[in-house]
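Visitor: Submitted below is the structure of interest, expressed as structure tokens.
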Amino acid sequence: MRGESITGKSDRQRVVPVLVPMPAERPYSYSVPDGMAVVAGSIVRVPLGPREVAGIVWDGETEEIEARRLRPISQMFDCPPVCEDMRRFVDWVAAYTLSPPGLVARMILRAPEAFDPEPWIDGLQLTEARPDRMTEARGRILELASNGLAWTRSGLAHAAGVSLSVVDGLKAQGIFAETLIPPRPVVTQPDPTYAAPDLTMDQEVAASHLRESAVSAKYSATLIDGVTGSGKTEVYFEAVAAAIEAGRQVLILLPEIALTQAFLARFHDRFGTKPAEWHSDLPPRMREKVWRQVAEGTVRVVAGARSALFLPFNELGLIVVDEEHDPAYKQEDRVFYNARDMAVVRAHIGGFPVMLASATPSVESQVNVAQGRYERVHLPSRFAEAAMPEIRAIDMRRAPPARGSFLSPPLISAVQETLEKGEQSLLFLNRRGYAPLTLCRVCGHRFQCPDCSSWLVEHRFRGQLVCHHCGHHEKRPEACPECGTFDHLVACGPGVERIAEEVVGHFPEARTIVLSSDLLGGVKRMRLEFEAVAKGEADIVIGTQLVAKGHNFPNMTLVGVVDADLGLANGDPRAAERTFQLLSQVTGRAGRTGKKSVGLLQTYQPDHPVMRAIVSGDSESFYDREIAERERSALPPFGRLASLIVSADTRADSEGHARQLRRVALPASDIAVLGPAEAPLAVVGGRHRFRLLLHGDRKSDMQGYLRRLLADAPKARGSVRVQVDIDPQSFL
Ligand code: ADP
Ligand code: ZN
């Protein structure tokens, strides 16, 4: 067993701290029954009130507790202990995000069935005996089974192409002995030498730097910065190879929707096997297997979404964060954390390198490079002959779409030309459904979610009105519920379904497909659709940001952005940066294989700095401006932000508590408290929301300030909840 042992307080009874997966501020004390060899990190089952829960034996002193209240650990699981680095990581994340450590530990304990070892599988092993008579089917079985290995009953029957009864017949004659087969690894071992690429000169310079970091077994943070298609993936795979060779485990983090078949296939091409996957769509049995095999070290490489950061690695030696700028790395549920930033912390604690890759790095990471905290490798151009698409803005004031439509004449002709060349077009609109608002033309009634302050989005394909915040859905009625008039409901504004309708009107012969997360059939279906598009089985793709990430569509030479201004005007300090990143990424889908390609942006603000930067390809001056602007207003990373989000069943309770928080906030020279203000999304899921924003100097002790504020505040009573969001990304 790894880990260090804990000495108890008395010789009689050993008492240890156990962190339980509850909003507990500190570990609880439990006694260790005689003969139970727990160490720090052991996963145990403990009584908690009337229930039993899984917890992790923690470090440090135990709290004094009356002997009669002390309860024993009920069971120690046969599972590798959670390593010291991981325990320090949990403590760190809890302190930084102001979350109870128990809730952070809970993120490790997400696969309870995996705490017990995987069962061995019943198998059959050939004996010396021979059957009474031979048949062709029996012959085939014996031939296969004579390879000396153990087979499962069904595996053998399947491989030999015979029915189970033939296998059973042989077994009855003593031809097979029963045996047990160890659980099968979820993936075979990646081979770092399987298919090493021929790198270009630029790539080789970058790769050798990364390889060196990977084998150094020291903390370092490196930004891999290069346009889409420059070979960032190819290059960081070299670091992955080096880390595997050095006997370390590797974690590649991707935004959930970038964890595509295309990515897994690339990995397979390079290493001869797929990485183990970790994301929300993994079937439960698979989750448990991956968790267990990561803990045991059978799995060497995981490609996962942000929660993979809490997998129980024991030999982690490299983390790659691909698309490091992506807002999907921020979790805004229970424990609010940014997986990109926490990956850097994890690497620091573990003493190993972390690599952040992006074609459009976050302002934060660029400043970290500029100030010498991160190293940087740069890939200046696309691989081989692939040229960047030519980008142009379409000024919608000069080339307006026809009444009731959303595609301008220049974009329609560009699609027409692309069709004629037999190439593919992508029309991008980051809005699911048919229309973002439905209203009654007679009385003006607008369809709003009963539980949120947001409009219901029409999904015409499903015949429903849907709330994108809480999931509430209702059938689209035929008459207005307010005035009762029939057939006078109108859809306002476009979603992808509506654009598809318009496209079919213009190009009825073309093969058109809508790709958004509303596709029925889940990830499997989605992967098939993407493969079909990549193989050229669609002429026009209409998609949300789902298509913007990670896919390689070789024949796609036109990308049209239906509403490039969407997202610029939402009061978010990162709005310009985010729009720039999204538009770069989307237009970067075009021309990945050398064909001449075009990106067209429909915009009402062609002179906006974001549009200018995208059109000119001059990202550097855009970032320079953006960074200067942040510095001037002391916004991150030149200052610190934190939000307090108060919610309650009634508006009065929520506002009242928010005001009380404000009242107890002490004046500070380096932290300003703004608000409370009603949140832009004032009601979500029936809860009324108020926000306070804390704005501090770069060196301010935001956590310390908040801790005192929350301690001084009156206890949240009734339905009132207070959520802390350090480094907020969303201000809704
Ligand atoms: P990025 O991650 O920067 O978008 P990729 O690593 O995906 O770039 O590379 C873009 C495309 O070019 C991929 O299809 C990749 O296989 C190919 N490619 C890049 N570098 C090489 C190389 N040295 N040899 C062969 N193919 C390469
Ligand atoms: Zn709702």
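Laboratory data are not the source of any read-out in this text; all were calculated from the coordinates shown. Owing to the predicted nature of the structure, the values given are computational and were not obtained by experimental measurement. As a convention, Cβ positions derive from the backbone with ideal geometry for all residues, glycine included, and neighbour counts pool all protein chains shown.
Visitor: After finding the eigenvalues of the alpha carbon gyration tensor for the chain, what semi-axes result from the square roots of 5 times each, listed largest first in whole Å?
Guide: 44, 38, 28
Visitor: Another question, if that's okay. Kindly give the semi-axes, whole Å and largest first, of the ellipsoid equivalent to the stretch 108-242, taking each as the square root of 5 times a Cα gyration tensor eigenvalue.
Guide: After scaling each eigenvalue by five and taking roots: 50, 20, 13 Å.
Visitor: Which FRET efficiency value, to the nearest 0.05, is calculated for residue 441 and residue 570 with the Förster distance at 25 angstrom and r the Cβ-Cβ distance?
Guide: That gives a FRET efficiency of 0.35.
Visitor: In nm², what is the average projected area of the convex hull enclosing the Cα atoms of the stretch 658-732?
Guide: Working: hull surface 20.7 nm².
Spelled out: convex hull of the Cα atoms, projected over all directions, averaged, 5.2 nm².
Visitor: For the stretch 218-267, how big is Rg over Rh, using alpha carbon atoms and the Kirkwood form of Rh?
Guide: Taking Rh as the inverse mean 1/r over Cα pairs, Rg/Rh reads 0.96.
Visitor: More than 15 angstrom separation, counting every C-alpha pair in the stretch 250-296; what % is that?
Guide: 49
Visitor: Can you tell me the alpha carbon radius of gyration of the stretch 76-137 divided by the globular rule-of-thumb value 2.2 N^0.38 Å?
Guide: The stretch 76-137 yields a ratio of 2.25.
Visitor: If you stretched the chain out fully between residue 152 and residue 664, how much longer would it get, using 0.36 nm times the residue separation minus the C-alpha to C-alpha distance?
Guide: Result for the pair: 177.6 nm of gain on full extension.
Visitor: Can you figure out the FRET efficiency of residue 699 with residue 212, using R₀ = 30 Å and their beta-carbon distance, to the nearest 0.05? It would help to have the intermediate numbers written out before the result.
Guide: Details: r = 33 Å, r/R0 = 1.09.
My answer for the efficiency is 0.35.
Visitor: What FRET efficiency, computed as 1/(1 + (r/R0)^6) with R0 = 60 Å and r the Cβ-Cβ distance, is obtained for residue 135 and residue 531, rounded to the nearest 0.05?
Guide: 0.90
Visitor: Considering all projection directions equally, how large on average is the shadow of the alpha-carbon convex hull of the stretch 445-525, in square nanometres? Display every interim value, and only then the final one.
Guide: On the way: hull surface 26.8 nm².
That works out to 6.7 nm², a quarter of the Cα hull's surface.
Visitor: For the stretch 266-351, count the residues as N, evaluate 2.2 N^0.38 Å, and divide the Cα radius of gyration by that value, please.
Guide: So the Cα radius of gyration is 1.11 times the expected 2.2 N^0.38 Å.
Visitor: Something else about it: Among the Cys residues of the chain, which have no other cysteine Cβ under 4.7 angstrom away?
Guide: 79, 83, 470, 492 - these cysteines have no disulfide-compatible partner (Cβ-Cβ under 4.7 Å) in the chain.
Visitor: Can you give the helix-only mean residue ellipticity at 222 nm for the chain, where every DSSP H stretch with n ≥ 4 adds -39500 (n - 2.57) and the sum goes over all residues, rounded to the nearest 500 deg cm²/dmol? Walk me through the numbers before you get to the answer.
Guide: On the way: 19 runs with 217 residues, N = 732.
The per-residue figure over the chain is -9000 deg cm²/dmol.
Visitor: Express in whole angstrom the spacing between the alpha-carbon centres of the stretch 268-337 and the stretch 343-364.
Guide: The distance from the Cα centre of the stretch 268-337 to that of the stretch 343-364 comes to 15 Å.
Visitor: Residue farthest toward the positive end of the dipole of the chain, with Cβ of Lys/Arg at +1 and Asp/Glu at -1: which of 142, 99, 583?
Guide: 99
Visitor: Starting from the Cα-Cα distance between residue 677 and residue 485, subtract it from 0.36 nm times their residue separation and give me the gain in nm to one decimal.
Guide: The residue 677-residue 485 span can extend by a further 65.3 nm.
Visitor: For the charge dipole of the chain, defined by +1 on Lys and Arg C-beta atoms and -1 on Asp and Glu C-beta atoms about the Cα centroid, which residue among 693, 600, 351 has the Cα displaced farthest towards the positive pole?
Guide: Of 693, 600, 351, it is 693.
Visitor: Another question, if that's okay. With label points built 7 Å along Cα→Cβ from the Cα atoms of residue 399 and residue 616, find their separation and express it in nm.
Guide: Taking the two extended label points, one gets 2.1 nm.
Visitor: Under 14 Å from the Cα of residue 289, which aspartates and glutamates turn up, not counting those fewer than eight places away in the same chain?
Guide: 113, 116, 118, 277
Visitor: Have a look at the stretch 215-323 and give its Rg and Dmax from the Cα atoms, expressed in angstrom.
Guide: Taking only Cα atoms of the stretch 215-323, I get Rg and Dmax of 13.4, 38 Å.
Visitor: Quick check: the distance between the Cα centres of the stretch 188-215 and the stretch 640-709, to the nearest angstrom?
Guide: When both Cα centres are located, 47 Å separates them.
Visitor: Per 10 Å bin, what is the whole-percent P(r) computed from every C-alpha pair distance within the stretch 11-109?
Guide: 16, 53, 28, 3
Visitor: Work out the length of the dipole vector of the stretch 201-384 about its Cα centre, built from +1 on the beta-carbon of each Lys and Arg and -1 on the beta-carbon of each Asp and Glu, and round it to the nearest 20 debye.
Guide: 380
Visitor: So what J values fall out for the stretch 322-335 if you push phi through Karplus, 6.51 cos²θ - 1.76 cosθ + 1.60 with θ = phi - 60°, rounded to Hz, Gly and Pro as x?
Guide: For the stretch 322-335, the Karplus-derived couplings read 8, 6, 4, 7, 5, x, 5, 6, 7, 8, 10, 7, 6, 9 Hz, x marking Gly and Pro.
Visitor: Something else about it: Label points 7 Å out from Cα along the Cβ direction at residue 348 and residue 315: separation in nm?
Guide: 2.7
Visitor: Here is a follow-up. Quick one, what does Rg over Rh come out to for the stretch 333-405 if you take C-alpha atoms and the Kirkwood Rh?
Guide: 1.20
Visitor: Under the Karplus relation 6.51 cos²θ - 1.76 cosθ + 1.60, θ = phi - 60°, what is the ordered set of whole-Hz ³J(HN,Hα) values for the stretch 500-513, x standing for Gly and Pro?
Guide: Per-residue couplings from phi come out as 4, 4, 5, 4, 4, x, 7, 10, x, 7, 6, 8, 10, 9 Hz.
Visitor: Quick check: the distance between the Cα centres of the stretch 533-607 and the stretch 134-151, to the nearest angstrom?
Guide: When both Cα centres are located, 56 Å separates them.
Visitor: Also, quick follow-up: Sort 355, 107 so the one with the fewest other Cβ atoms within 10 Å of its own Cβ comes first. Can you show the working numbers first?
Guide: Values: 355 29, 107 20.
Placing the least packed residue first, the sequence is 107, 355.
Visitor: Using a simple charge model, +1 on the beta-carbon of Lys and Arg, -1 on the beta-carbon of Asp and Glu, nothing else, what dipole does the chain show about its Cα centre, in debye to the nearest 20?
Guide: 1340
Visitor: Could you give the length gained by full extension between residue 506 and residue 707, i.e. 0.36 nm per residue of separation minus their alpha carbon distance, to one decimal place?
Guide: So the chain would gain 66.4 nm between residue 506 and residue 707.
Visitor: Please list the equivalent ellipsoid semi-axes of the stretch 128-188, computed as the square roots of five times the alpha-carbon gyration tensor eigenvalues, in descending order and whole angstrom.
Guide: Equivalent-ellipsoid dimensions as semi-axes: 21, 13, 10 Å.
Visitor: Compute from the Cα atoms of the stretch 51-97 the Rg and the Dmax, the latter being the longest Cα-Cα distance, and quote both in angstrom.
Guide: For the stretch 51-97, the Cα radius of gyration and maximum Cα-Cα distance read 13.4, 35 Å.
Visitor: Relative contact order of the stretch 542-660: what whole-number percent is it, with Cα pairs under 8 angstrom and at least 6 residues apart?
Guide: Across the stretch 542-660, relative contact order equals 23 percent.
Visitor: Size of the stretch 201-384 along its principal axes in angstrom, Cα-based, largest extent first?
Guide: Extents along the principal axes, in whole Å: 43, 37, 30.
Visitor: So, one more: Among DSSP beta bridges whose residues both lie in the chain, state the antiparallel percentage, nearest 5.
Guide: Working: 64 of 115 bridges.
Bridges in the chain that DSSP calls antiparallel: roughly 55 percent.
Visitor: Let me ask something else. With labels modelled as points extended 7 Å from the Cα through the Cβ direction, what inter-label distance (nm, one decimal) is found for residue 194 paired with residue 64?
Guide: 5.9
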